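In what follows, a single structure is set out as structure tokens and then discussed.
The values are calculated or read from the model by the stated rules, or taken from the named source; none is laboratory data. What you see is a predicted model, and the numbers here were worked out from it, not measured in a lab. Every residue, glycine as well, gets a Cβ built from its backbone with ideal geometry; the counts of neighbours run over all protein chains shown.
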Amino acid sequence: MNHYPNLLNPLELGFTTLKNRVLMGSMHTGLEDKARDFPRLAAYFAERAKGDVGLIVTGGFAPNIVGWLTPFGSTLMSRRQLPRHRLVTDAVHQHDGKICMQILHSGRYGYHPLVVSASDIKSPITPFKPRALSVKGVYRQIDAYVRCAKLAQQAGYDGVEVMGSEGYFINQFLVTRTNKRNDEFGGEYANRMRLPVEIVRRVRQACGENFIIIFRLSMLDLVPRGSNWDEVIQLGKAIEAAGASLINTGIGWHEARLPTILTTVPRAAYAEVTGRFRQHVNIPVIAVNRINTPEVAEQVLASGQADMVSMARPMLADPHFVAKAAAGTPQRINTCIACNQACLDHTFTKQTSSCLVNPQACYETLLTIEPTHQAKNIAVVGAGPAGLAAATTAAERGHQVTLFEANGEIGGQFNLAKRIPGKEEFHETIRYYRVKLDETGVDLKLNTRVDAASLEHFDEIILASGVTPRVLSIPGIDHHKVVDYMDCIYGNRSIGEKVAIIGAGGIGFDAAEYLLHAGHSTSLNPEDYFRYWGVDLDQRAGVENVKPNPGTPARQIWMLQRKTSRPGKSLGKTSGWVHRATLKMGKVKFLTGVDYRKIDDSGLHITIDQQDQLLDVDNVIICAGQLSVTELLEPLQASDKPVHVIGGAKLAAEIDAKRAIKQGTEIAAAL
């Protein structure tokens, strides 16, 4: 029985048919930037094509040097580059897939001194002020787009996506925020939209009718002085008339100061925007952002909000997403949790992208999981992320695996994370591993503590015993006001209205958000989310004349750390600012350079800059790091058993699920 009749329904484009309504959206992985990495890029896309995604869009390729994202970054501007691209297109077509290349001109978002834009207005998130193009210069950029599209066609791509959203070059011409021109590309909106319309028109002319042209249109800029709704509709109709095959939705400029794709955003929160737009055009439109399960995708399509859904990061998490949905086994999908830790965080720190829940993503040729030639009897101690990855990978390869867990449920630190408002998606990873344990035949022993003697008959032992909260040496640390973060988040202790949190790392921020929201999450429905962050779909760009309304915080919170550096410094590059903004809106007070003197009935006694202070709080939550749980290590090593230590048991500093799952997968792949 087909549970997803809309999602799995083919989409007819006239000259070609897409096998289903799933678009693998564009993601820059870093593999696009160097010719030597194209075999890896081809393998990465081939795996998604094998998983039956309807249409793939590559990461962005600049049409010329001034359009670079980074110096010497991904481009397609010469026939000499065609052979590397044919590796990609051939690999996808071998699995009956279709692929479009995204043409992305960075404009003022480029990280290099050659940047150009509509006007010489510097971006707030990049270091270089752009040069304003002359009229001839603008036409040269249009020529570059057309040349790039024609080269993409020669390389075997089924089409191109013209990136016209997220605040990049085309967006910079569309709005008065960045366009101060008074020539044929400035002034009234008909002039400001001339650039994208001319690009699409000329690409269609150059590439013919049997070529997919997707235009990524910014339907909600989420920045002041962005496009209003009438302008969005006007542009959409003009792009359709110019020859586009599909219109993809863009939500928010990169400089917008509210989250659009993080796990704090409700699923399909912005599909309503696409639904409103869809009524005004006659070509298929694509909904985007936080669509991560086949059920959500099906609902978006069934409700008439879109003709197709874009899922980018979900295809990192599970390349066989579509195939599993079609097989009627959605429970087997490794769901994207929208954490950004291995994808976007890697992109913005110039690392190759991957996926926290799937470390094979972009490493298909380097991290291979092959059947074992010698089956072993393997014990895995600890069913947190590291242990789950190790146990299921080893069992998948053909080893006999027993997984021991001292607690009554699998998941380890993910069981804490899933309780934090805005991190509910962590439930999905636990569900995925629960299914995979059964599927691979792992013998799971819950509520079971083991010692070295009970592990003697195993051939190999993987120690993934995790961490325990660090206990601080502060006078009064055993006072009844003191609560460790695990008891706090698990709800084992009642917490008062005034709280001091010692520690401003990831766990400290999680504890603060848990207490701040008193269990109510704005991530579960769009209405709460839009009100909280100040979004109104009926206002210009969604944000003008709108203020965030976070409501009254549930508690008065102080967050303290010994260091004088910025609180939350270790948080992810693309998510840290959101967590800091959330706590700021909740009126959390940050104190740095703190010496802790004592805890007593009066509260927490501290010293800052040689000034003594008393925080009159009801509770003190200890989030001052963790210690590895390794009491088994020494006796196991003494028994001469092969022991592999992974996850928090190997390194407790700043609990890192990305590292834990990667280590678990790698060690199991090597056994």
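List of remarks:
- Lone unmet requirement of (1) touching a strand residue (DSSP E or B) at 6+ places or on another chain (Cβ under 7 Å); (2) surrounded by 22 or more Cβ atoms within 10 Å (Cβ to Cβ) for P10: (2)
- Qualifying residue in region 126-142 (condition: more than 17 Å from E198 (Cα to Cα), of a type in the set (A, V, I, L, M) and in the same structural domain as F173 (by TED's automatic domain parsing)): yes
- When region 242-262 is filtered for residues that are among the charged types (D, E, K, R) and under 15 Å from the mean Cα position of the chain (by Cα), nothing remains.
- Test for F38: is it more than 22 Å from the chain's Cα centre (by Cα) and within 30 Å of S106 (Cα to Cα): yes
- Region 120-155, subset under 19 Å from A42 (Cα atoms) and over 29 Å from the mean Cα position of the chain (by Cα), residue surrounded by the most Cβ atoms within 10 Å (Cβ to Cβ): L151
- Only one entry in G593, G576 is without any contact (Cβ under 8 Å) to a residue 60 or more places away in the chain, under 30 Å from L356 (Cβ atoms) and of a type in the set (G, A, S), namely G576.
- In a residue-by-residue description of region 93-112, the property of being modelled with pLDDT of 95 or more, surrounded by fewer than 24 Cβ atoms within 10 Å (Cβ to Cβ), charged (D, E, K, R) and under 30 Å from P10 (Cβ atoms) applies to at least one position.
- Candidate set: region 41-72, residues that are over 22 Å from the mean Cα position of the chain (by Cα), over 23 Å from I286 (Cβ atoms) and aliphatic (A, V, I, L, M); chosen: the one surrounded by the fewest Cβ atoms within 10 Å (Cβ to Cβ): I65
- Checking M311 against (1) assigned by TED's automatic domain parsing to the domain that holds E32; (2) closer than 24 Å to V643 by Cα, the condition it does not meet: (2)
- Qualifying residues in region 506-541 (those that are small (G, A, S) and buried (at least 21 other Cβ atoms within 10 Å of the Cβ)) - the one nearest to R597 (Cα to Cα): G508
- Filter result for the condition that a residue is in contact with a strand residue (DSSP E or B) (Cβ under 8 Å, 6 or more places away or on another chain), in contact (Cβ under 8 Å) with a residue 24 or more places away in the chain, within 17 Å of A269 (Cβ to Cβ) and crowded, with 23+ Cβ neighbours inside 10 Å, over A312, A306, A338: A306
- Subset of region 245-269 that is in contact with a strand residue (DSSP E or B) (Cβ under 6 Å, 6 or more places away or on another chain) and in contact (Cβ under 8 Å) with a residue 60 or more places away in the chain - its residue that is surrounded by the fewest Cβ atoms within 10 Å (Cβ to Cβ): S245
- Each residue in region 651-671 was checked for being in a loop (DSSP other than H, G, I, E, B) and of a type in the set (K, R), and 0 of them qualify.
- For F215, the criteria (1) surrounded by 22 or more Cβ atoms within 10 Å (Cβ to Cβ); (2) more than 19 Å from N282 (Cβ to Cβ) hold in every case but one, which is (2).
- Hits in region 528-546 (condition: over 17 Å from E255 (Cα atoms), out of contact with any His (no Cβ under 9 Å at 6 or more places or on another chain) and not aliphatic (A, V, I, L, M)): Y529, F530, R531, Y532, D536, D538, Q539, N545
- 1 or more residues more than 30 Å from E513 (Cβ to Cβ) and in contact with a strand residue (DSSP E or B) (Cβ under 8 Å, 6 or more places away or on another chain): qualifying helices (runs of 4 or more DSSP H) within region 359-446: 385-396, 426-440
- Restricted to helices (runs of 4 or more DSSP H) entirely inside region 469-584, those with at least 1 residues that are modelled with pLDDT of 95 or more, in contact with a helix residue (DSSP H, G or I) (Cβ under 6 Å, 6 or more places away or on another chain) and of a type in the set (G, A, S) are 506-517.
- Exclusive hit being small (G, A, S) and assigned by TED's automatic domain parsing to the domain that holds F414, set S602, S639, S575, S570: S639
- A91 vs. criteria hydrophobic (A, V, I, L, M, F, W, C) and over 18 Å from R147 (Cα atoms): yes
- Among the residues of region 544-577, just one is of a type in the set (V, I, T) and in contact with a Lys or Arg (Cβ under 9 Å, 6 or more places away or on another chain), namely I557.
- Within region 101-134, tally of residues that are over 22 Å from K150 (Cβ atoms), touching a helix residue (DSSP H, G or I) at 6+ places or on another chain (Cβ under 6 Å) and among the hydroxyl-bearing types (S, T, Y): 3
- The set of residues in region 300-337 that are hydrophobic (A, V, I, L, M, F, W, C), assigned to a loop (DSSP other than H, G, I, E, B) and more than 19 Å from R659 (Cβ to Cβ) comprises A306, M311, A312, A327, I333.
- Filter result (under 26 Å from T17 (Cβ atoms) and within 32 Å of the chain's Cα centre (by Cα)) within region 220-241: G236, K237, I239, E240
- Condition check for R580 on (1) over 17 Å from C623 (Cβ atoms); (2) surrounded by fewer than 21 Cβ atoms within 10 Å (Cβ to Cβ): one failure, at (1).
- Filter pass, P330 being buried (at least 23 other Cβ atoms within 10 Å of the Cβ) and either under 23 Å from A417 (Cα atoms) or touching a helix residue (DSSP H, G or I) at 6+ places or on another chain (Cβ under 6 Å) (or both): no
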